[in-house]
1. Run lengths n ≥ 4 of DSSP H only: what is the helix-derived mean residue ellipticity at 222 nm for the chain, with -39500 (n - 2.57) per run over all residues, to the nearest 500?
2. Sorted by accessible area (1.4 Å probe), largest first, how do D561, D203 line up?
3. When the Karplus curve 6.51 cos²θ - 1.76 cosθ + 1.60 is applied with θ = phi - 60°, which whole-Hz ³J(HN,Hα) does each residue of the range 508-525 get, with x for Gly and Pro?
4. Based on the mean of other Cβ atoms within 10 Å per residue, sort peptides 67-76, 516-525, 540-549 so the most packed one is first.
5. Provide T574, T502 ordered by accessible surface of protein heavy atoms (probe 1.4 Å), highest first.
6. Between the range 84-118 and the range 504-529, how many Å separate their Cα centres?
7. Could you pull out the GluC sites (Glu not before Pro) across the range 319-362 that fall in loop regions by DSSP (anything but H, G, I, E, B) with no more than 15 other Cβ atoms inside 10 Å?
8. Could you tell me the accessible area of L258 in Å² (1.4 Å probe, neighbours in place), rounded to the nearest ten?
Amino acid sequence: MRLQPTSILIALNILAFGLILLLDNRKESYDSKIGGLAECISTAVIETDRIELWEQIPDKSRIIERQGSKWMLTKPLQWKANTFAVNRILNQLQFVQEEATFFVSEIERSGQSLADFGLATPKIKLIIGRGEKQVVLSIGNTTEIGENVYLLGPDNAKIYVVSRKVIDSLLMELSDLRSRSIFGIPVFEIDALKLQIKTLSGDSDLKVRLGRISSGWLFEAPLNAQADPVLVDNAINNLTAAKVIRFQQNADLILTGLQEPVMEVTLHGNKRQQTLFIGKKDTSTVGTEGAYFAKLKDNPTVFTLPAEPFDALREAQAALRERNFMSFDPSSINAIQIGQGAREMRLQKLEKGEWQVIRSGEGASIQPHRADPALIKSLLEDLLELRAVGFAADAPTTTDLNQLGFSDPQRTIKLVSPNETVLLELASPESSSNKLYARTSGSIYIYEIDRRATLELLPMDALMYRNRLLDSLPQAARIQTIRLENIQTGELLFEKSLSAETTSWESALDSVADNERAAIFAILAKLRDFTVKKYLLNEFTSDYSIDSQNSVPWIYRLSADVLLPGDLINQLDTRSYVFSKRLSGTVQIGGSEDQATIFEATQSIIDALYTLEKNTLIPPEATGADVPDPEPIDTLPAPESILESSTL
């Protein structure tokens with residue numbers, strides 16, 4: 001009797017588990033008696049990892065399977081499926097609406113069969129499944145009235161009338177189901193690019209590998225060198241953006257060149273990689289860009305793709321290499337030494353931040369001059385931005401260095417800072433006067449650089465580095481008088497002074513003509529901060545020798561009386577400059593005996609002197625004078641006279 005309650009409890013538990021199992025099996029059987037078609041198959045659509053479309057024409061059948069997070073087309077070929085197309089199929093099935101529904105048993109009682117609706121041997125079978133579970137939908141004939149088709153439900157018990165548009169949307173072309181993208185690794189995840197390229201000789205393959213580092217990209221093979229991060233990123237973007245042009249059915253690997261690929265491209269990502277084989281060119285491709293046959297490793301599908309992104313990789317070790325080879329901090333440089341043979345130019349930074357230039361060698365006297373800070377800044381920036389136009393040698397021998405001219409460099413540049421000294425050598429081989437090569441102390445590589453632009457950047461003339469500000473007046477200085485005279489004739493061409501009553505040049509020039517007043521103000525500004533266009537000599541001579549046979553004499557003298565304030569009394573000083581005649585619209589030679597230099601004048605002083613020259617021919621109309629009558633011109637003989645004289 002004591003066992004009776006226990007037996008009852010056991011029986012109740014068995015009954016409960018049986019009911020749960022029964023209900024669960026009924027749920028997974030997709031019972032068509034509950035609700036419409038969408039409700040019957042919605043669970044299967046949501047959970048599916050396989051879609052099969054079987055048609056009576058074998059080539060039209062296709063199978064799509066979920067592999068991880070991606071959909072793959074596995075029949076009639078293996079390729080990535082178009083995710084948007086697959087989602088469209090699933091959405092259409094999940095929300096399909098039937099126009100009418102009737103049971104198979106009803107049509108059988110009326111003497112009809114599935115064959116009458118095209119469902120005994122359906123034109124299309126759609127299978128949606130996950131693992132061993134699957135739902136089969138058979139699609140039959142089109143209805144006689146309306147654009148609808150008959151569809152046999154998952155348990156073969158119900159026939160649904162659904163819109164043909166829904167079915168047509170499921171039967172998209174194979175080209176629409178296939179994704180045209182090739183690589184599946186996102187750009188941001190790629191941390192290495194590996195290339196294996198068959199050389200023209202065929203002796204050995206060229207292997208190139210680039211790896212991502214914190215500062216960009218680095219060549220790991222065939223050499224260890226910096227890569228240009230922008231160019232590498234662009235190359236990878238072009239690779240991942242490449243699309244399939246067309247897929248090849250039953251392609252022969254030998255004929256397409258994929259049995260022995262001419263190139264292998266491998267992208268490395270986060271614990272995964274993809275390798276693409278590149279074969280022969282597809283000569284049937286229309287267009288000028290061309291195309292290659294290709295296939296992914298471990299995927300038999302052959303396709304064609306654009307040639308351009310892959311042709312650009314054939315010289316990757318040079319094309320993707322970093323061409324900026326100078327590395328230093330311009331703000332830390334406190335000395336620059338530029339040498340050529342025995343000659344040397346030194347640019348030194350002084351304590352107050354100013355620069356001076358010193359030239360020595362070949363008997364030249366060591367005479368420092370103020371250097372132009374803007375020019376020094378530009379020089380350092382240009383040196384930092386030097387770019388290689390080619391790569392001459394990656395592991396040069398002593399013989400290589402001698403052949404390239406490094407036994408006698410064109411320039412030797414030392415950039416000195418408290419922490420390091422950067423050495424740059426520029427050389428040119430005797431056999432080629434239009435080539436210029438460079439090497440630095442921090443690298444073994446030899447770079448080819450632009451010869452003309454680089455040598456123009458590094459002149460050996462100390463005058464090119466001098467500060468263009470030749471002389472400057474104190475702010476409190478007052479210009480009392482300016483005059484312009486002709487040295488050759490002694491004629492005073494122009495003179496203007498401030499009187500005791502006139503304290504400003506604005507008032508003193510109030511009655512002067514506009515063009516002359518503008519010229520005088522330009523000269524006054526130039527006298528306060530006298531700048532030159534460029535220096536020609538570091539000494540003053542009685543004339544300027546253009547060459548051994550030609551010289552330019554001094555014609556004009558521009559002078560100014562300047563009142564300099566002193567502690568007790570003011571001091572009157574004179575600033576004086578001489579000038580040649582105007583040689584062209586933009587060239588006039590000048591000199592300063594006090595500053596011991598000869599120079600080319602700036603355009604503002606050239607124009608001002610031209611305005612103030614008294615020997616400039618001024619038309620009488622400008623001064624209001626009488627215009628003289630022109631001299632008579634002899635008349636030409638009449639044409640008849642000419643004819644007559646010719647006949648005589």
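The values are calculated or read from the model by the stated rules, or taken from the named source; none is laboratory data. Every value quoted in this text rests on a predicted model; they were computed, and no experiment measured them. FYI the Cβ positions are ideal-geometry reconstructions off the backbone, even for glycines, and counts take in every protein chain you see. In case anyone asks, the SASA skips ligands and DNA or RNA and just uses the protein heavy atoms, side chains included. Shrake-Rupley method; radii C 1.70, N 1.55, O 1.52, S 1.80 Å.
1. On the way: 17 runs with 154 residues, N = 648.
One gets -6500 deg cm²/dmol as the mean residue ellipticity at 222 nm.
2. D203, D561
3. 5, 9, 4, 9, 7, 4, 4, 5, 6, 5, 5, 5, 5, 5, 5, 5, 4, 5
4. Peptide ranking by packing, descending: 516-525, 67-76, 540-549.
5. From most accessible down to least: T574, T502.
6. About 101 Å separates the Cα centre of the range 84-118 from the one of the range 504-529.
7. Those that pass, being in a loop and sparsely packed, are E351, E354, E362.
8. Rounded to the nearest 10, that gives 10 Å².
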